[in-house]
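> Dumping the structure here so I can ask a few things about it.
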Amino acid sequence: MTKYAAPGQSGSVVTYRDRYDHFIGGEYVPPAKGEYFANPTPVTGEEFTEIARGTADDVERALDAAHGAARGWGKTSVADRANVLNKIADRMEANLEALAVAETWENGKPIRETLAADLPLAVDHFRYFAGVIRAQEGGISQIDEDLIAYHFQEPLGVVGQIIPWNFPILMAVWKLAPALAAGNAVVLKPAEQTPASIHVLMELIADLLPPGVVNVVNGFGVEAGKPLASSRRVAKVAFTGETTTGRLIMQYASENIIPVTLELGGKSPNVFFSDVAAERDAFYDKALEGFTMFALNQGEVCTCPSRALIQSSIYDQFLGDAVERTRAVKQGHPLDTDTMIGAQASNDQLEKILSYIDIGKQEGARVLTGGERADLGGELSGGYYVTPTVFEGDNKMRIFQEEIFGPVVAVTQFSDYDDAMKTANDTLYGLGAGVWSRDGSVAYRAGRDIQAGRVWVNNYHAYPAHAAFGGYKQSGIGRENHRVMLDHYQQTKNLLVSYSPNAQGFF
Amino acid sequence: MARVALTREAAEVLRRLRASHGDLMFHQSGGCCDGSAPMCYPAGEFRTGSSDVHLGDLSVDEFAVPVWMSAAQFEYWSHTHLTIDVVPGRGSGFSLEAPLGVRFLVRSRLLKDEEL
């Protein structure tokens, strides 16, 4: 076991500044109105830094810087752009522990996740998009002997990106890497719950980027996010969050006739077919871990497998083993490498989870384990901890239909394949799903029949670059994490060229 | 039948917001991050349409604050009564109360048979 020292304490690998301004045009700029807001750590509830409270004036200033940089960056060769992304990746990798501790302290997630997942994935994401932009080719279409259509990909220009709080660095990188690879300049607004760790990253990599290519404006959604999302000066808005704000961003975009990409969450089914329990072997163990994945990142994942569907013939046995596995999840100090589940990201998130546990009980769902706030004692008493919770109930209940965004799974059973698909698809959302079976054809068919953009088969919660990620139904628009995201950050330019010396013949 | 209500503390926040933003509205969100939470906007900021259901109006003094939800979401929520409360915190999204250091929250109860 290792326990990392908290940022700022002696022996810590990272120190937060007392205050962060906006990062605009390659330097730190105080907010126009001079106001700041306090940023608490969910680990203890204590405030640890303060953050610029951005407003429309700051957004305009960032847009000025971005527009000043966009043309030059867009004209930079793909080799040079890729080199910048690779250097960012190298710099992050060399400072991985510092970034991991910074993100854990701000978000509350266990350090073993930031060390093993968030940061390595972010590093690889930059490298992936450095690679794909080098490999991207335009097209040539020969219309006839004398008429040729050339297709070029061109950057959109200046794009706005609004980042969620569940993976403050990784979600920013998911959006930054393709946008930068494609040659765009960015104005990025981090979530107000996790506004600081991105600045630890920006300070590390600022010298690698031309000024103005990446600008970070902090603040509240209504004061800084809205002016960015509704600006006539952005060519595209990317947002990860919830449906009402997603719709509002689409409404703003409709006024400006610009595209959006949206990732709006889900209520992902995790389907366990009976043959999973045919043996008590490594695969059975893997499937039990797959069930328990609802507790990863405290359940604060858009693809949290928050509905477990278990075939009736193995229901009691498998669920019993799964509950036992859930009880073994070690809750503790997020900076302790043995800790498996840390703190919820904010007090309002904690309150919302508890309100859902309440309605779940009212609707008659049975709590098999957990179901309450955890007081871990000492300095952690002020933090926001929930014990991993397993509910048993019916798919029509609200805890089966709404994203709780906490370590809460709702379990029900199905009789056969058709019943499984009916329940799996009985949801407004279609972001993620899991399918577990030893029978490859059952797993394949289920994977194709579930209406979701990402179906994990015999695994869960893997997010490698090079595997497209995005939603069906109300879970959003667009596919991140893959080369196709370049299309969402580029225009297609067609040059239609005549090599004929003769008039076209109309006039 | 009333489907929505609000706590005294939430009403107090609405009074403050109304003083600075004018008439208000709620749209109940779904989905990830700050989803499943009520979003408060200046009236008309969020354009509702045929895919939305008007759950009712909250009365704050002489003012009415309409509460909306998408019709698809309402199908799963229709058996519950919603009380809008407020807790310390910091929601993202564009909801108006976040700069005050508070976040609106829905507390739910099952509708009784005589209410259905």
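> Out of curiosity, is B:Tyr76 aromatic (Phe, Trp, Tyr), at the interface with chain A (Cβ under 9 Å from one of its Cβ atoms) and not in a strand (DSSP E or B)?
So B:Tyr76 passes the test.
> Sticking with this one: Consider only pairs whose beta carbons are under 7 Å apart and that are at least six residues apart or on different chains; among these, list those whose first residue lies in region B:80-92 and is at the interface with chain A (Cβ under 7 Å from one of its Cβ atoms) and whose second residue is surrounded by fewer than 24 Cβ atoms within 10 Å (Cβ to Cβ) and in a loop (DSSP other than H, G, I, E, B).
Taking only residues 6 or more apart or on different chains, the pairs are B:Thr80/B:Leu111; B:Pro88/B:Gly101; B:Arg90/B:Gly101.
> Give, as residue ranges, the strands (runs of 3 or more DSSP E) completely inside region A:87-184 that count at least 2 residues that are surrounded by 24 or more Cβ atoms within 10 Å (Cβ to Cβ) and not aromatic (Phe, Trp, Tyr).
Correct list: A:158-162.
> Which residues, counting only those in region B:95-113, are within 17 Å of A:Ser346 (Cα to Cα) and either under 15 Å from the mean Cα position of the chain (by Cα) or within 7 Å of chain A (Cβ to nearest Cβ) (or both)?
Within region B:95-113, the first condition is being within 17 Å of A:Ser346 (Cα to Cα), and the residues that meet it are B:95, B:97-106.
The answer is B:Ser95, B:Glu97, B:Ala98, B:Pro99, B:Val102, B:Arg103, B:Phe104, B:Leu105, B:Val106.
> What number of residues within region B:28-66 satisfy the criterion of being outside any loop (DSSP other than H, G, I, E, B), within 12 Å of chain A (Cβ to nearest Cβ) and within 9 Å of the chain's Cα centre (by Cα)?
4
> Assess whether A:Ile359 counts as being within 14 Å of chain B (Cβ to nearest Cβ) and either touching a helix residue (DSSP H, G or I) at 6+ places or on another chain (Cβ under 7 Å) or among the β-branched types (Val, Ile, Thr) (or both).
It is true that A:Ile359 is within 14 Å of chain B (Cβ to nearest Cβ) and either touching a helix residue (DSSP H, G or I) at 6+ places or on another chain (Cβ under 7 Å) or among the β-branched types (Val, Ile, Thr) (or both).
> OK, next. Which numbered condition in (1) in a loop (DSSP other than H, G, I, E, B); (2) more than 17 Å from B:Ser92 (Cβ to Cβ); (3) under 27 Å from the mean Cα position of the chain (by Cα) is the only one that A:Pro42 fails?
(2) is the only condition that A:Pro42 fails.
> Could you check how many residues of region A:16-39 are under 22 Å from A:Gly383 (Cβ atoms), more than 14 Å from chain B (Cβ to nearest Cβ) and out of contact with any helix residue (DSSP H, G or I) (no Cβ under 9 Å at 6 or more places or on another chain)?
Qualifying residue count for the region: 1.
> To continue, here is another question. What number of residues within region A:396-416 are within 14 Å of another protein chain (Cβ to nearest Cβ) and either surrounded by fewer than 20 Cβ atoms within 10 Å (Cβ to Cβ) or of a type in the set (A, V, I, L, M, F, W, C) (or both)?
Residues flagged as within 14 Å of another protein chain (Cβ to nearest Cβ) and either surrounded by fewer than 20 Cβ atoms within 10 Å (Cβ to Cβ) or of a type in the set (A, V, I, L, M, F, W, C) (or both) within region A:396-416 amount to 8.
> Which residue pairs have Cβ atoms closer than 7 Å, lie 6 or more positions apart in sequence or on different chains, and pair a first residue in region A:484-507 that is touching a residue at least 60 places away in the same chain (Cβ under 8 Å) with a second residue that is among the small types (Gly, Ala, Ser) and in a strand (DSSP E or B)?
Pairs found: A:Asn494/A:Ala149; A:Leu496/A:Ala149.
> Something else now. Would you check if there is a residue in region A:184-200 being under 25 Å from A:Gln491 (Cβ atoms) and out of contact with any strand residue (DSSP E or B) (no Cβ under 8 Å at 6 or more places or on another chain)? Step through it out loud before you land on a result.
As a first pass, look at region A:184-200 and keep what is under 25 Å from A:Gln491 (Cβ atoms): A:184-189.
Still in the list and also out of contact with any strand residue (DSSP E or B) (no Cβ under 8 Å at 6 or more places or on another chain): none.
Checked region A:184-200: no residue is under 25 Å from A:Gln491 (Cβ atoms) and out of contact with any strand residue (DSSP E or B) (no Cβ under 8 Å at 6 or more places or on another chain).
> Residue pairs, Cβ under 9 Å, 6 or more apart or interchain, first in region B:5-26 and over 23 Å from B:Met69 (Cβ atoms), second surrounded by fewer than 13 Cβ atoms within 10 Å (Cβ to Cβ) and of a type outside the set (S, T, N, Q). List them.
Going by the 9 Å Cβ cut-off, the qualifying pairs are B:Arg15/B:Asp61.
> Still on this structure: Kindly indicate the residue of region A:293-325 that is in contact (Cβ under 8 Å) with a residue 60 or more places away in the chain, hydroxyl-bearing (Ser, Thr, Tyr) and surrounded by fewer than 24 Cβ atoms within 10 Å (Cβ to Cβ) and also nearest to A:Asp418 (Cα to Cα) among those meeting that condition. Full working, then the answer.
Pass one, region A:293-325, residues in contact (Cβ under 8 Å) with a residue 60 or more places away in the chain: A:293-312, A:315, A:319, A:322-323.
Next cut, hydroxyl-bearing (Ser, Thr, Tyr) only: A:303, A:306, A:312, A:315.
Applying the additional criterion that residues be surrounded by fewer than 24 Cβ atoms within 10 Å (Cβ to Cβ) yields A:312, A:315.
On the way: A:Ser312: 13, A:Tyr315: 17 Å.
Among those that are in contact (Cβ under 8 Å) with a residue 60 or more places away in the chain, hydroxyl-bearing (Ser, Thr, Tyr) and surrounded by fewer than 24 Cβ atoms within 10 Å (Cβ to Cβ), it is A:Ser312.
> Further question: Quick one: how many residues across region B:1-55 are over 30 Å from A:Ile163 (Cβ atoms), in contact with a Leu (Cβ under 9 Å, 6 or more places away or on another chain) and either crowded, with 18+ Cβ neighbours inside 10 Å or at pLDDT 95 or above (or both)?
Result for region B:1-55: 7.
> Quick one: in region A:64-86, which of the residues that are of a type in the set (A, V, I, L, M, F, W, C) and in contact with a Pro (Cβ under 9 Å, 6 or more places away or on another chain) is surrounded by the fewest Cβ atoms within 10 Å (Cβ to Cβ)?
Of the residues in region A:64-86, the ones of a type in the set (A, V, I, L, M, F, W, C) are A:65-66, A:69-70, A:73, A:78-79, A:82, A:84-85.
With in contact with a Pro (Cβ under 9 Å, 6 or more places away or on another chain) added as a condition, the list becomes A:65, A:69-70, A:73, A:84.
Numbers: A:Ala65: 25, A:Ala69: 23, A:Ala70: 23, A:Trp73: 23, A:Val84: 20.
Within region A:64-86, the match that is surrounded by the fewest Cβ atoms within 10 Å (Cβ to Cβ) is A:Val84.
> What are the residues in region A:185-212 that are more than 18 Å from the chain's Cα centre (by Cα), among the small types (Gly, Ala, Ser) and either crowded, with 24+ Cβ neighbours inside 10 Å or assigned to a loop (DSSP other than H, G, I, E, B) (or both), if any?
A:Ala185, A:Gly212
> Considering only region A:116-134, state which residues are more than 21 Å from A:Pro190 (Cβ to Cβ), hydrophobic (A, V, I, L, M, F, W, C) and in contact (Cβ under 8 Å) with a residue 24 or more places away in the chain.
A:Ala130, A:Val132, A:Ile133 - these are the residues of region A:116-134 that are more than 21 Å from A:Pro190 (Cβ to Cβ), hydrophobic (A, V, I, L, M, F, W, C) and in contact (Cβ under 8 Å) with a residue 24 or more places away in the chain.
> Okay, next question. Sort through A:Thr44, A:Thr2 and tell me the only one that's of a type in the set (Val, Ile, Thr), crowded, with 17+ Cβ neighbours inside 10 Å and either outside the structural domain of A:Ala345 (by TED's automatic domain parsing) or touching a Phe, Trp or Tyr at 6+ places or on another chain (Cβ under 6 Å) (or both).
A:Thr44
> Also: Before we move on, is A:Ala229 more than 10 Å from every other protein chain (Cβ to nearest Cβ) and at pLDDT 95 or above?
The answer is no for A:Ala229.
> Oh, and also: I need the full set of residues from region A:468-507 which are assigned to a loop (DSSP other than H, G, I, E, B), of a type outside the set (A, V, I, L, M) and within 30 Å of A:Leu147 (Cα to Cα), in order please.
Those that are assigned to a loop (DSSP other than H, G, I, E, B), of a type outside the set (A, V, I, L, M) and within 30 Å of A:Leu147 (Cα to Cα): A:Tyr499, A:Ser500, A:Pro501, A:Asn502, A:Gln504, A:Gly505, A:Phe506, A:Phe507.
> Need pairs with beta-carbon distance below 8 Å; first residue farther than 18 Å from A:Met1 by Cβ and within 14 Å of chain B (Cβ to nearest Cβ) and within region A:335-346, second of a type in the set (S, T, N, Q) and not in a loop (DSSP other than H, G, I, E, B); sequence gap 6+ or separate chains.
These pairs meet every condition: A:Ala343/A:Gln298; A:Gln344/A:Gln298; A:Ala345/A:Asn107; A:Ala345/A:Gln298.
> Right, next: Filter region B:93-106 for residues that are without any contact (Cβ under 8 Å) to a residue 40 or more places away in the chain and surrounded by fewer than 23 Cβ atoms within 10 Å (Cβ to Cβ) and give the result.
Of everything in region B:93-106, those that are without any contact (Cβ under 8 Å) to a residue 40 or more places away in the chain and surrounded by fewer than 23 Cβ atoms within 10 Å (Cβ to Cβ) turn out to be B:Pro99, B:Gly101.
> Looking at A:Gly266 and the list (1) surrounded by fewer than 22 Cβ atoms within 10 Å (Cβ to Cβ); (2) in a loop (DSSP other than H, G, I, E, B), which single condition is not satisfied?
(1)
The values are calculated or read from the model by the stated rules, or taken from the named source; none is laboratory data. Because the structure is predicted, anything quoted here is derived from the model rather than measured. No Cβ is skipped: glycine too gets one built from the backbone with ideal geometry, and neighbour counts run over all protein chains shown.
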